[in-house]
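Below you'll find the structure I mean.
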Amino acid sequence: MSKKICVVGTGYVGLIASVGLSDFGNEIIGVDIDEKKVKMLNEGISPIYEPGVERYLKRNLESGRLTFSTDIGKSIQNADVIFIAVGTPPKDNGEADLSFVESVVKSIAENLNDYKVIVTKSTVPVGTNRWIKEKMNEFAPGKDFDVVSNPEFLREGKATQDFFHPDRTVIGYESERAKDVMFEVYRALNLISVPFVWCSLETAELIKYASNAFLATKITFINQMANLAETVGADIHTIAKTMGMDGRISPKFLHPGPGYGGSCFPKDTMAVVQTGDKYGIDMSLIRSVIEANDMQKARMVTKLEKLIGSFQGKTIAVLGLAFKAETDDIRDTPAFNLVEGILSKGAKIQAHDPQAMDNFAEVYPQIEYCKSEFDALKDSDALVLVTEWNEYRNLNLRKAKELMKGNFILDTRNLLDPELAKERGFILEGVGKG
Ligand code: UGA
């Protein structure tokens, strides 16, 4: 039987969970304190750019199964299950800030009119679900509830696809009653034979961190190999492809680039190190990954300087500002390091991104934002490709050459064909292409 669910937080994770769970047939109230956001969502407008999300949003609003509200108390009272999907931003020491989670837990305790299952979707440090349980017992002694950990594995830009076809669904639980409820919530995924991992709260919490830390390590590994390859005259593309032919390695997440960014890997790797420190466990591998990724981001500026010489008085076209393609998210984007480096060394920037310019302009209002990639290229001395948007993969190099003053390209994602670029008169530097 479908469930009545309250999803607290309509950020990335909360919004996708709200539309996804209602599409599964559950009745959802998405709650947020931001009135403007709630109004937009009820009108079927997504506050974030994510392919497919508005289609699911509209469809489920129309079905009457999905609504958004600012009234957290009433929404909790009416629900059988409460999903916590609020932010857990890193504090200065790398530790996750749980103040938003704590405030939701307080609201749940105040509105616990019946047995409810409290599900944590936000990525939270190991031990948080047990801490939620303790807080609930403290705020609402003797009341009936269960705590479940249900980490999210979706990728920005592919979020709906990942929600409806996950590789696995992880559920940390302690009572059979809560297991039955979660089985109903995700009945639709059971029907399509998605593997379910039923485990303890701590195991579920650590699965999420271990997965993200491993992926960040894999990217960092290939980035360092790329740096070595370009220095010794080898080709990272062939190396990565061949490594990937070994089934134990797999070709996924072996694309070198300007360093990983986003709202997850930088935050989660820091949290793993912090947790290791807390329990006296050596996390030097992940600590090195964080350092190496910072160096990779900085290396892009050095590469550009080597390529073009002095930055003074030059104009650089930057294509791509989002941390990856198919999103308007700029959190920890490698574009920050490049833009900062270019500006501080005395060059001017003409930038373009299909979706992320408004967000970027809030941080860097001083650079010029262009309507198209070609406007950005006009009279520039060099082009830097930062995000792997499809439209940049097929960049018309003949037209680019005519528009640009200079002929340098730094391709931080290896999007362009180096032979063709050379034919068109460019001097192109990729990553890991010796
Ligand atoms: C990541 C994980 O992939 C998701 O499974 C997880 O749910 C999510 O974090 C999260 O914890 O919420 P996301 O940050 O959206 O998802 O994006 P990814 O596609 O993983 O890319 C992360 C960064 O790594 C990007 O900057 C991307 O450009 C970079 N990357 C990725 C590479 O440089 N090379 C690769 O081969 C793959």
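Please enumerate, by chain and number, the aspartates and glutamates with C-alpha under 15 Å from the C-alpha of LYS133, excluding those fewer than 8 residues away in the same chain.
The qualifying aspartates and glutamates are GLU102, GLU110, ASP144, ASP146, GLU174, GLU202, GLU205.
In whole angstrom, note down how far apart the Cα centers of segment 137-206 and segment 7-44 are.
Their Cα centres are 18 Å away from one another.
I've got another one for you. Would you tally the net charge around ALA96, using a Cβ to Cβ cut-off of less than 13 Å, leaving ALA96 out, and scoring K and R as +1, D and E as -1? Please report the intermediate quantities before stating the final value.
Details: positive: LYS91, LYS208, LYS267, LYS278; negative: ASP92, GLU95, ASP97, GLU102, GLU205, ASP268.
Within the 13 Å Cβ shell, the charges total -2.
Considering every pair of different Cα atoms, what Kirkwood radius, in Å, is found for the chain?
On the way: mean 1/r = 0.0429 Å⁻¹.
Result for the chain, one decimal place: 23.3 Å.
No solvent, one uniform scatterer per C-alpha: report log10 I(q)/I(0) for segment 1-158 via the Debye equation at q = 0.08 1/Å, two decimals.
For segment 1-158 at q = 0.08 Å⁻¹, log10 I(q)/I(0) is -0.21.
What is the distance in Å between the Cα centroid of segment 48-68 and that of segment 332-371?
Between the Cα centre of segment 48-68 and that of segment 332-371, the gap is 32 Å.
With Cβ to Cβ distances under 15 Å as the rule, what net charge do the other residues near ASP246 carry (K, R +1; D, E -1)?
Details: positive: LYS218, LYS241, ARG248, LYS252; negative: none.
With Lys, Arg at +1 and Asp, Glu at -1, the neighbours total +4.
Near VAL31, within a Cβ-to-Cβ distance under 12 Å, what is the net charge of the other residues, with Lys and Arg +1 and Asp and Glu -1? List each step's numbers first, then the result.
On the way: positive: LYS37, LYS74; negative: ASP32, ASP34, GLU35, ASP71.
Neighbour charge sum, excluding VAL31 itself: -2.
Okay, moving on. What number comes out for accessible area per residue over segment 96-222 if the probe is 1.4 Å? Units Å², please. Walk me through the numbers before you get to the answer.
Numbers: 5290 Å² over 127 residues.
In whole numbers, segment 96-222 has 42 Å² accessible per residue.
How large is the Rg to Rh ratio of segment 234-434 when both quantities use alpha carbon positions and Rh follows Kirkwood?
0.99
How much mean residue ellipticity at 222 nm does the chain get from its helices, if each DSSP H run of length 4 or more adds -39500 (n - 2.57) and you divide by all residues, to the nearest 500 deg cm²/dmol?
Working: 19 runs with 203 residues, N = 434.
Estimated from H runs of four or more residues: -14000 deg cm²/dmol.
Another question, if that's okay. Want the number for ASP235 to MET295: 0.36 nm per residue separation, take away the alpha-carbon distance, what's left?
Numbers: separation 60, 0.36 × 60 = 21.60 nm, distance 2.08 nm.
Using 0.36 nm per residue and subtracting the Cα-Cα distance, I get 19.5 nm.
Placing +1 on the Cβ of each Lys and Arg and -1 on the Cβ of each Asp and Glu in the chain, which of SER372, TYR12, ALA421 has its Cα farthest towards the positive end of the resulting dipole?
Highest projection toward the positive end goes to ALA421.
A follow-up question, please. Accessible area, 1.4 Å probe, largest first: how do GLU27, GLU54, GLU156, GLU184 sort?
Numbers: GLU27 95, GLU54 70, GLU156 15, GLU184 40 Å².
Result of the area sort, largest leading: GLU27, GLU54, GLU184, GLU156.
Shifting gears a bit: Compute the Cα gyration tensor for segment 367-424, then decide on rounded, prolate or oblate, letting a ≥ b ≥ c be the square roots of its eigenvalues: rounded whenever a/c is under 1.5, prolate when a/b is larger than b/c in the other cases, and oblate in all that remain.
Values: a/c = 1.59, a/b = 1.15, b/c = 1.38.
Judged from the Cα gyration tensor, segment 367-424 comes out oblate (a/c at least 1.5, b/c at or above a/b).
For segment 6-52, what mean projected area does the convex hull of the alpha carbons give, in nm²?
Working: hull surface 12.5 nm².
If you wrap the Cα atoms of segment 6-52 in a convex hull and average its projections, you get 3.1 nm².
Taking Cα centroids, how far is segment 83-129 from segment 215-268 in Å?
34
Sort the following peptides by mean Cβ neighbour count (other Cβ atoms within 10 Å, averaged over residues), highest first: 100-109, 238-247, 367-376.
On the way: 100-109: 20.1, 238-247: 12.8, 367-376: 16.9.
So the peptides 100-109, 238-247, 367-376, ranked by packing, come out 100-109, 367-376, 238-247.
Taking a 1.4 Å probe, which of LEU228, LEU338 shows the most accessible area, and what order do the others take after it? Walk me through the numbers on the way to the answer.
Values: LEU228 100, LEU338 0 Å².
Ranked list, largest accessible area first: LEU228, LEU338.
Kirkwood hydrodynamic radius of segment 68-202 from all distinct Cα pairs, in Å?
15.7
Where does helix 176-185 land angle-wise versus the long Cα axis of the chain, in degrees 0 to 90, nearest 10?
Helix 176-185 and the main axis of the chain meet at about 50 degrees.
Structure shown: which of LYS348/LYS405; LYS324/LYS422; LYS121/LYS252; LYS4/LYS179; LYS306/LYS433 lie over 19 Å apart, alpha-carbon to alpha-carbon? Don't skip to the answer; put the middle values down first.
Numbers: LYS348/LYS405 14 Å; LYS324/LYS422 26 Å; LYS121/LYS252 25 Å; LYS4/LYS179 16 Å; LYS306/LYS433 15 Å.
Exceeds cut-off: LYS324/LYS422; LYS121/LYS252.
Now, a different point. Quick check: pseudo-label points 7 Å beyond the Cα along Cα→Cβ at GLU391 and LYS405, how many nm apart are they?
For the pair GLU391/LYS405, the computed spacing is 2.5 nm.
The values are calculated or read from the model by the stated rules, or taken from the named source; none is laboratory data. These numbers were taken from a predicted model, which means no experiment stands behind them. Note that we place each Cβ from the backbone using ideal geometry, even for glycine, and neighbour counts take in every protein chain shown. Remember, those area values only see protein heavy atoms, side chains included, never the ligands or the DNA or RNA. Shrake-Rupley method; radii C 1.70, N 1.55, O 1.52, S 1.80 Å.
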